[in-house]
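Enquirer: Handing you this structure, nothing more for now.
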Amino acid sequence: MDGGEVRHWNADVNGVSIHVAEQGPADGTVVLLLHGFPELWLSWRHQMAALAARGFRALAPDLRGYGDSSAPADPAAYSIFHIVGDVVALLDHLQLTKVFVVGHDWGAQVAWHMCLFRPERVRAVVAIGVPFYPRSPRSFSELFTDRGDGFYITQFQEPGRAERAFARYDVATVLKKFYSIEFDDLTAPPGVEIIDFLEAHSSPLPWITDEELGQYAEKFQKAGFTGPLNYYRMMDMNWRATAPWNGARITVPAKFIAGDKDIGTHSFGTEQYIKSGRFKSIVPDLEVTIIDGHHFLQQEQAERVNSEILTYLDKTASGRAEQSMEAQAAGEVRHWTADVNGISLHVAERGPTTGPAVLLIHGFPELWLSWRHQMAALAARGFRALAPDWSTIKEVQPYESLFILLLTEN
């Protein structure tokens with residue numbers, strides 16, 4: 001299937017204008033693609049084409065502060081709540097109740113927090129490069145103190161500092177320095193700015209053409225780096241504001257993809273976090289795939305990442321389709337009466353008659369109807385749910401004998 005051309009539009013949502021690149025049929029299953037730092041919607045160009053060719057509707061916004069989206073001046077406007085709020089408002093604008101979400105780098109952080117804050121809006125999530133971490137007992141500035149002033153996140157905290165350092169280079173060189181990172185620790189020597197410490201490949205990077213790099217540079221030349229850097233400046237505020245979710249788990253089906261040479265895989269204890277099983281304990285419905293590559297994986301290893309995403313989405317969608325078929329096969333509630341032990345007992349039943357029986361006994365003052373939700377769920381999983389009315393017979397017979405007779409005769 002030909003996915004067609006990329007379409008561009010803006011939506012006024014959550015107090016900002018969000019630019020969105022879209023590819024694929026308008027009635028296709030939606031996959032929302034969230035980019036990282038320092039990137040744009042363009043970082044998903046390979047995935048958009050692959051998704052659209054398979055009939056998905058790929059939506060790749062420029063996050064606030066980036067590209068052709070609004071860039072509020074106030075650093076406080078870049079909290080994780082604002083960014084997730086933009087995403088939710090965008091879905092509301094499009095009248096989309098639930099979508100697949102794929103995120104890379106900061107986009108992965110947004111995707112994870114979307115699952116944390118609004119899990120009912122996410123069908124499944126694919127995170128690239130950045131896993132979900134539980135909330136730390138200490139703030140980020142406390143955690144990074146030992147890394148010294150040369151650590152890139154520390155340098156990004158002071159308003160204007162990184163911008164002044166970046167300004168010593170043309171925009172394309174700044175971007176290429178970040179895109180060329182191949183070492184584990186983003187800490188500059190004492191007295192050195194991180195952008196001066198980073199080196200840009202002298203030859204073109206194999207995964208991005210000069211024309212594509214020029215497209216990135218044009219947008220960052222126009223919008224600047226302050227908006228993107230403000231995401232880092234809100235890290236401590238995010239830590240304070242997410243206290244109500246301390247200890248919370250991600251309940252959405254999730255897949256994590258990382259490059260074996262990614263700085264993120266080898267930094268912050270990520271590799272051990274994955275191997276120890278702690279990641280899985282916090283994200284129970286999790287798949288992990290480590291492939292050959294560095295940080296900007298969806299561009300560097302586009303075909304492999306496309307394959308991983310499409311396979312996971314197909315499997316997740318198939319699983320939901322099977323659940324839907326099971327629910328449909330469960331059928332409607334059936335009602336009948338059994339003459340047992342000298343009385344007439346009304347029973348509501350749902351699910352296959354050959355399934356394992358689950359007897360549901362209601363309380364006071366209720367009826368079989370109090371179990372309607374459980375009956376639907378049990379029937380959808382192949383159980384035979386039996387819910388008798390018994391509140392009118394308590395003066396007639398011992399309950400146990402009635403239910404034994406009911407199960408024996410049916």
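The values are calculated or read from the model by the stated rules, or taken from the named source; none is laboratory data. Since the structure is predicted, the reported quantities are computational estimates derived from the model, not experimental observations. A quick note on method: Cβ atoms are made from the backbone with ideal geometry, for glycine too, and the neighbour counts reach across all protein chains shown.
Enquirer: Within segment 224-256, count every residue that is within 30 Å of Lys315 (Cβ to Cβ), in contact with a Pro (Cβ under 9 Å, 6 or more places away or on another chain) and part of a loop (DSSP other than H, G, I, E, B).
Expert: Matching residues across segment 224-256 total 6.
Enquirer: Please enumerate the residues belonging to segment 160-182 that are outside any loop (DSSP other than H, G, I, E, B), free of Cβ contacts under 8 Å to residues at least 60 places away in the same chain and hydroxyl-bearing (Ser, Thr, Tyr).
Expert: Within segment 160-182, Thr173 is the sole residue that qualifies.
Enquirer: Moving on. Go through (1) modelled with pLDDT under 95; (2) assigned to a helix (DSSP H, G or I) one by one and return the number of the condition Thr154 breaks.
Expert: All conditions are met except number (1).
Enquirer: Another question, then. Just a yes or no: is a residue in segment 24-43 among the aromatic types (Phe, Trp, Tyr) and either in contact with a Ser or Thr (Cβ under 8 Å, 6 or more places away or on another chain) or surrounded by 21 or more Cβ atoms within 10 Å (Cβ to Cβ) (or both)?
Expert: For segment 24-43, residues among the aromatic types (Phe, Trp, Tyr) and either in contact with a Ser or Thr (Cβ under 8 Å, 6 or more places away or on another chain) or surrounded by 21 or more Cβ atoms within 10 Å (Cβ to Cβ) (or both): present.
Enquirer: Taking into account only those residues within segment 199-218 that are surrounded by 15 or more Cβ atoms within 10 Å (Cβ to Cβ), in a loop (DSSP other than H, G, I, E, B) and of a type outside the set (Phe, Trp, Tyr), which is nearest to the chain's Cα centre (by Cα)?
Expert: Here the answer is Ile208.
Enquirer: Select from segment 359-390 the residues that are of a type in the set (A, V, I, L, M, F, W, C), part of a strand (DSSP E or B) and either over 40 Å from the mean Cα position of the chain (by Cα) or buried (at least 17 other Cβ atoms within 10 Å of the Cβ) (or both) and list them in ascending order.
Expert: Selection gives Ala385, Leu386, Ala387.
Enquirer: Same structure again: Can Leu143 be described as free of Cβ contacts under 8 Å to residues at least 40 places away in the same chain and in the same structural domain as Lys255 (by TED's automatic domain parsing)?
Expert: yes
Enquirer: For segment 241-252, does any single residue satisfy the condition of being within 22 Å of Ala111 (Cβ to Cβ) and touching a strand residue (DSSP E or B) at 6+ places or on another chain (Cβ under 7 Å)?
Expert: yes
Enquirer: Got at least one residue in segment 252-260 being in contact (Cβ under 8 Å) with a residue 40 or more places away in the chain and surrounded by fewer than 18 Cβ atoms within 10 Å (Cβ to Cβ)?
Expert: no
Enquirer: Something else about it: Please count how many residues of segment 273-306 are in contact with a strand residue (DSSP E or B) (Cβ under 8 Å, 6 or more places away or on another chain), in a helix (DSSP H, G or I) and closer than 18 Å to Asp262 by Cα.
Expert: 7
Enquirer: Here's something else I'd like to know. Does segment 162-177 contain at least one residue that is surrounded by 18 or more Cβ atoms within 10 Å (Cβ to Cβ) and among the basic types (Lys, Arg)?
Expert: yes
Enquirer: Moving on. Only one of these is in the same structural domain as Leu143 (by TED's automatic domain parsing), in a loop (DSSP other than H, G, I, E, B) and not aliphatic (A, V, I, L, M): Asp185, Asp196. Name it.
Expert: Matching residue, one of Asp185, Asp196: Asp185.
Enquirer: Moving on to the next point. When you check Thr154 against the structure, is it buried (at least 17 other Cβ atoms within 10 Å of the Cβ) and touching a strand residue (DSSP E or B) at 6+ places or on another chain (Cβ under 7 Å), yes or no?
Expert: For Thr154, the condition - buried (at least 17 other Cβ atoms within 10 Å of the Cβ) and touching a strand residue (DSSP E or B) at 6+ places or on another chain (Cβ under 7 Å) - is not met.
Enquirer: Kindly indicate which of Ala127, Ala111 is in contact with a strand residue (DSSP E or B) (Cβ under 6 Å, 6 or more places away or on another chain), assigned to a helix (DSSP H, G or I) and at pLDDT 95 or above.
Expert: Step by step, each of Ala127, Ala111 is checked, and only Ala111 is in contact with a strand residue (DSSP E or B) (Cβ under 6 Å, 6 or more places away or on another chain), assigned to a helix (DSSP H, G or I) and at pLDDT 95 or above.
Enquirer: With the condition kept exactly as written, say whether any residue in segment 232-242 is touching a helix residue (DSSP H, G or I) at 6+ places or on another chain (Cβ under 6 Å), touching a residue at least 40 places away in the same chain (Cβ under 8 Å), basic (Lys, Arg) and over 30 Å from Ile194 (Cα atoms).
Expert: no
Enquirer: On to the next question. When you look at Leu90, is it surrounded by fewer than 22 Cβ atoms within 10 Å (Cβ to Cβ) and hydrophobic (A, V, I, L, M, F, W, C), yes or no?
Expert: yes
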